[in-house]
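Each reported figure results from applying straightforward, stated rules to the coordinates on display, with no laboratory input. Quantities reported herein were computed from a predicted structural model and do not represent experimental measurements. Cβ coordinates were reconstructed from backbone atoms using ideal geometry, including for glycine residues, and neighbour counts include every protein chain displayed.
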């Protein structure tokens with residue numbers, strides 16, 4: 001009886017443990033790092049910790065769940081990019097464009113966000129603990145005064 005149960009569990013375990021995992025396209029990561037241009041690339045879930053991404057073109061890129069901890073995104077163009085759930089802890093975003101991007105559930109803890117254009121961006125449930133945010137349309141909210 002025990003061997004039957006173990007056999008059934010063994011057969012079913014791959015199905016029980018399967019979960020959807022986001023995975024960046026390795027060719028797109030290589031393209032980004034070598035050319036600094038990766039418009040429309042799939043970088044979902046990519047680990048770009050401490051990457052120097054100064055002036056990169058990531059327009060319309062998928063960076064959902066990407067790890068950009070301590071990344072330097074100075075002057076980066078992320079117009080229309082999906083950064084939902086990305087971790088930008090202690091990252092540097094200066095003079096960057098995040099127009100029309102998806103920033104829902106992004107972690108900006110301890111990030112330096114200066115002069116970033118966020119016009120039209122979706123920013124639901126941002127984490128901005130200890131972030132330095134200047135000249136950027138991100139603030140601790142509530143209703144606007146009438």
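For this structure, a couple of remarks:
- Residues that are within 16 Å of residue 79 (Cα to Cα) and outside any loop (DSSP other than H, G, I, E, B) within segment 116-137 comprise 117, 122, listed in sequence order.
- Candidates in segment 93-102 are the residues that are in a loop (DSSP other than H, G, I, E, B) and within 20 Å of residue 54 (Cβ to Cβ); of these, the one that is farthest from the chain's Cα centre (by Cα) is 95.
- Just one residue in the set 69, 113 is in contact with a strand residue (DSSP E or B) (Cβ under 9 Å, 6 or more places away or on another chain) and not in a loop (DSSP other than H, G, I, E, B); that residue is 113.
- Selection within segment 55-76 - surrounded by fewer than 21 Cβ atoms within 10 Å (Cβ to Cβ) and within 21 Å of residue 114 (Cβ to Cβ): 55, 57, 59, 69, 70, 72, 74, 75
- Test for residue 90: is it crowded, with 16+ Cβ neighbours inside 10 Å and part of a loop (DSSP other than H, G, I, E, B): yes
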